[in-house]
Amino acid sequence: MFRYFENLVDPYVGYEQTDTPPRKLWPFLRDYLKPFRKVMLIAGVLKMGVAFGEVLLIWYVARIVDLLASGAPEQILPEHGVEFTLAALWVLVLRTIVGATDMALLHNTILPNLGSLIRWRSHRHVLRQSVGWFENDFAGRIANRIMQTPPAAGEAVFQVLDAAAFFITTLIGALVLMSNFDLRLVIPLVLWILAYLLLMLWTIKRAGPASKASSDARSAITGRVVDSYSNIHSVKMFAHHDREEAYAQEAIETARQTFMREMRIVTIMDLSLTFLNGVMIVAVAALAVGLWINGMMTEGMVAAALTMALRLNNMTYWIMWAMTNLVQNLGVVAEGMETIAQPVTLVDDTGAQPLLPGPGRIELQALSHHYGRGSGGLDDITLTIEPGEKIGLVGRSGGGKSTLLKLLLRFYDAESGRILIDGQDVSAVTQDSLRSRIGMVQQDSALLHRSVRDNLLYGRPDAEEAQIIEAAKQAQAHDFILDLEDPQGRRGYDAHVGERGVKLSGGQRQRVTLARVMLKDAPILLLDEATSALDSEVEAAIQDTLYGMMQGKTVIAIAHRLSTIAQMDRILVMEAGRIVEQGSHDALLAQGGLYASFWARQSGGFMDPDHEAAE
């Protein structure tokens, strides 16, 4: 039975992806709720049926009391036994079936599948954002919003279908029941409903912003805590525990203050509701008893009217809390939308085609990019790199070297100019096909928190085990991989490497990264300090392999250790976003310019750009 309801909606059903999701709350939710429309309609109808059944039960209580008061005890069962049996069957069977079906649709169909659908689609959308988008936010806060938004949306839908539908039907039923007894009983009930709605509007108006502020504050805590944990090596190395504690405490105290303001609203609401309910109960009771004294109501009617009033009294606390939770959950959804509903700005052009295979010719035409700041980055670079040519990039930090590589990978769209690969504009081809043709080893050789094998297969998912091992051997990584073991007892290539690969040394991470790129075997190779984390012995051991890997490829390599690029076909010296010198190693030394000064000031094979900049 459970499986039937759980499979009524597929959370991974196909849908039309959009780069610009709705930025307003209701259109945003409506998009996600499309697969659930029929189920929600049925659940709403069933919930109204359950509520109507509760009102009928109260009416039937009145009938039973009147039957008992008006007839002789020995005549009750013979005259009304069949009726009582049918009523019992209705309560035990029909009421149970309707209620169980309604709960199954809510608990087993909507809640688990809606949360999964929102989380899946949100994650897919966020993954399509650009590198620059991720660089402008905390990874912890992004993840927190993806995790918080789905259950909040599910709870909001649940409260609407469960509490709101039930309460509205009950109110309508109560008005009908009271008017059937005596129209005057409707007066205190209507006045109470109006006062209750005013109190609810007052609460919702204030609870919404207060809830959003609390949600923002909680996300800020998560961001700060994750930032500390992600950089735990720096925290320990600089012994800044007190600083991190204070940094987190500031956010925690802000969250406490916002939550206290939220709870003040709840307390005022609760006290006001208690008073309103008391007035309603006293008014209905007094009026019903007065009508009975004057012979206008039966004992059963009085009992039913009082039962209905007490029923509404008990229900209002649940409904008010449900509506408050609804607003709070909508506040969480609204806060999550600030992340998961942001438009994807770096997208494939309409009609973009895959990058066609070619020899690997790269052309930069009047290329400029300043990250929207007007300075820094690249400034009017024009350059042609022939197929198979090996280029070295050197220069001071901030000279534009890494920006050039990021633009080649289309992590950003250039502000002006063009990049052509084999005559094809990178902005006009699909991003995936572009990046599949480029292999890159970065200075920050972070790995996924998965097995060594999974990390290597990122370079080539269809690689066979023998190819994986061969690549690891070429990168001088096979031997240390075989010695790995994680806390769960997984060994060798099955061992997990920890978040960002923290369980490996910097040199070990770099070698796994090199092996991954070797396995990818892309025709264009980008190296950003590819051997910076290796000790001299290991670097010397894989240098021949690295040069062998470069054969037949177009290579752009950034290096501060100038000896690693001295054998390149051409070396480009960058300064303030421009190419100020270019040529072979020997030619640049003969010029006696900036490159020659870097070479002369090397210490242990590294250039000393800070020393140069200070002069």
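A few comments on the model shown:
- Mean shadow area of the stretch 250-338, taken as a quarter of the surface of its Cα convex hull (nm²): 7.4
- Distances between placed amide hydrogens fall under 5 Å for MET440 paired with LEU526, all partners being 5 or more residues away or on another chain.
- Extension gain from LEU191 to THR384, taking 0.36 nm per residue of separation minus the Cα-Cα distance: 61.4 nm
- Amide hydrogen neighbours beyond the local backbone of ALA557, cut-off 5 Å, H modeled: ILE391, GLY392, LEU393, LEU527
- Free of any trypsin sites (Lys or Arg not before Pro) that DSSP assigns to a loop and that have at most 11 other C-beta atoms within 10 Å, the longest stretch within the chain is 25-372.
- Projected over all directions and averaged, the alpha-carbon convex hull of the stretch 373-453 occupies 7.4 nm².
- Share of carbon and sulfur in the accessible area of the chain stands at 59%, probe radius 1.4 Å.
- Shape category assigned to the stretch 5-47 from the gyration tensor of Cα positions, a/c cut at 1.5: oblate
- Derived scalar couplings ³J(HN,Hα) [the stretch 483-495; Karplus, 6.51 cos²θ - 1.76 cosθ + 1.60; whole Hz; x for Gly, Pro]: 8, 6, 8, 9, x, 8, x, 6, 10, x, 5, 8, 5
- Viscosity 1.567 mPa s, temperature 4 °C, Stokes-Einstein D of the stretch 263-392 from Kirkwood C-alpha radius, µm²/s: 57
- The stretch 118-140 and the stretch 351-380: distance between their alpha carbon centers, rounded to Å: 24
- Charge-dipole axis of the chain as Lys and Arg at +1 and Asp and Glu at -1 on Cβ define it, positive-most pick from THR20, SER219, LEU67: LEU67
- Ranking THR298, SER368, VAL284 by how far each Cα lies toward the positive end of the dipole of the stretch 243-378 (charges on Cβ) leaves THR298 at the top.
- Counting DSSP beta bridges with both ends in the chain, the antiparallel % (nearest 5): 50
- Point-charge dipole on Cβ atoms (K/R +1, D/E -1) for the chain, about Cα centre, debye to 20: 1420
- At a probe radius of 1.4 angstrom, the accessible area of the chain per residue rounds to 49 square angstrom.
- Computed over the chain, relative contact order equals 14 percent, with contacts defined as Cα pairs under 8 Å that lie 6+ residues apart.
- Global geometry of the stretch 186-324, whether rounded, prolate or oblate, following the gyration tensor of its Cα atoms and the 1.5 cut on a/c: prolate
- Here the stretch 107-192 is treated as a Stokes sphere of Kirkwood radius computed over C-alpha pairs; at 20 °C and 1.002 mPa s its diffusion coefficient rounds to 130 µm²/s.
- Shape call, the stretch 430-500: gyration tensor on alpha carbons, a/c limit 1.5: prolate
- Centre-to-centre separation between the Cα atoms of the stretch 326-348 and those of the stretch 545-584: 43 Å.
- Furthest towards positive pole of dipole, THR267, ASN7, TYR229, structure part the chain, Cβ charges: THR267
- For the chain, hydrophobic long helices are taken as DSSP H runs at least 18 Å long by C-alpha position along their axis with mean Kyte-Doolittle hydropathy of 1.0 or more; these are 37-70, 165-181.
- Using the empirical formula 2.2 N^0.38 Å as the baseline, the Cα radius of gyration of the stretch 142-243 reaches a ratio of 1.87.
- Angstrom value of the Kirkwood radius, inverse mean 1/r, which spans all Cα pairs in the stretch 382-507: 17.3
- Computed over the chain, the per-residue total of -39500 (n - 2.57) for DSSP H runs of n ≥ 4 gives a 222 nm mean residue ellipticity of -19500 deg cm²/dmol, rounded to 500.
The values are calculated or read from the model by the stated rules, or taken from the named source; none is laboratory data. Computed from a prediction, not measured in an experiment: that's the story for all the values here. As a convention, Cβ positions derive from the backbone with ideal geometry for all residues, glycine included, and neighbour counts pool all protein chains shown. Note: accessible area is taken over every heavy atom of the protein model, side chains too, but ligands, DNA and RNA are not part of it. Shrake-Rupley method; radii C 1.70, N 1.55, O 1.52, S 1.80 Å.
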